[in-house]
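A quick write-up on the structure given underneath.
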Amino acid sequence: MRDFILRARKGPSTPDFSLGALPQTSHLEIVAHCIANAMFYSLRIRSSVRVHIVLDGPSDPPKIVRIESDLLGSLDGFDEQALTGVLREALMVGQGLSLYQERESRPGVFVAKRSFESLIRQQVAVGPMFVLQKRAQDIREIKLSSGSTFVFSDHLSMPRKTDKFLLRLGAESVSVGPKMLFASQCITLIHNELDRLYLP
Ligand SMILES: C[S@@+](CC[C@H](N)C(=O)[O-])C[C@H]1O[C@@H](n2cnc3c(N)ncnc32)[C@H](O)[C@@H]1O
């Protein structure tokens, strides 16, 4: 299983946003690109991938939408509106959740009221965790294994105290190359490294 945790610090935690105004909604188009690159390759759904989208913005944080490729039915398309529509639908279904409660909004899509920190603690207990940073050890110098979790931010930088929290829990920082990339591009490169090693 490959787990990707995308922290959208200002991403909406309620469904009151327009699919026609994604850049104005904390650049949700970036989240859509991350979902697409995590879940799909040419016209196929990848197996054994989970993407966790941490939405810490208005109006009812924290919320985490999780998409599991092995359980996934149709997502109504690969475009930004379709993918953020799936996110908005999950947030609709997730209205009124109490802490740690979770609901499934469609096959393979889950919404939970829980924090980034609790998700990190869960994942670090089950396998290696890597925090994505441009200035860090090269991914090609690291021994990768299956069952890893990769943590990164959207267009906003990860707060320094969050990086410290991750490293204190045992996450390793890793770079996928010398340029500051979009989060979705990092996902593609990580998939490619794991694919080349034939790791699930
Ligand atoms: C668009 S970048 C964030 C830009 C933000 N202004 C900053 O300075 O962090 C989104 C995320 O992708 C990851 N990232 C981007 N380029 C990377 C690289 N070359 N190696 C590893 N991670 C990278 C980092 O986790 C970063 O937080």
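Structural remarks
- Looking only at the range 16-45, and only at residues there that are surrounded by fewer than 17 Cβ atoms within 10 Å (Cβ to Cβ), assigned to a loop (DSSP other than H, G, I, E, B) and not aliphatic (A, V, I, L, M), the one that is farthest from the ligand (Cβ to nearest atom): D16
- Applying a threshold of 7 Å to beta carbon distances and a minimum spacing of six or more residues, or different chains, the list of pairs starting in the range 169-183 at a residue that is in contact (Cβ under 8 Å) with a residue 40 or more places away in the chain and over 22 Å from S145 (Cβ atoms) and ending at one that is near the ligand (Cβ under 7 Å from one of its atoms) and part of a loop (DSSP other than H, G, I, E, B) reads A183/D154.
- Screening the range 130-157 for residues that are among the β-branched types (V, I, T) and assigned to a strand (DSSP E or B) and picking the one that is farthest from the ligand (Cβ to nearest atom) gives T149.
- Candidates are the residues of the range 65-80 that are over 15 Å from the mean Cα position of the chain (by Cα) and buried (at least 16 other Cβ atoms within 10 Å of the Cβ); the one that is nearest to P23 (Cα to Cα) is E80.
- Residue under evaluation K161, criteria (1) more than 25 Å from S13 (Cα to Cα); (2) over 19 Å from the mean Cα position of the chain (by Cα); (3) assigned to a helix (DSSP H, G or I), criterion not met: (1)
- The set of residues from the range 70-99 being at positive phi and at pLDDT 95 or above comprises just one member, G96.
- Applying the set (1) at pLDDT 95 or above; (2) closer than 20 Å to R2 by Cβ; (3) polar (S, T, N, Q); (4) over 11 Å from the mean Cα position of the chain (by Cα) to S59 leaves exactly one unmet item: (2).
- Among (1) part of a strand (DSSP E or B); (2) within 16 Å of the ligand (Cβ to nearest atom); (3) within 19 Å of G11 (Cα to Cα) - the single one F110 does not satisfy: (2)
- Residue within the range 169-181 that is surrounded by fewer than 14 Cβ atoms within 10 Å (Cβ to Cβ), small (G, A, S) and near the ligand (Cβ under 9 Å from one of its atoms) present: yes
- Test: residue in the range 158-166 that is among the polar types (S, T, N, Q), in contact with a helix residue (DSSP H, G or I) (Cβ under 9 Å, 6 or more places away or on another chain), surrounded by 15 or more Cβ atoms within 10 Å (Cβ to Cβ) and closer than 30 Å to R44 by Cβ: no
The values are calculated or read from the model by the stated rules, or taken from the named source; none is laboratory data. Computed from a predicted model, the values in this text were never measured in an experiment. Cβ atoms come from the backbone with ideal geometry, glycine included; neighbour counts cover every protein chain shown.
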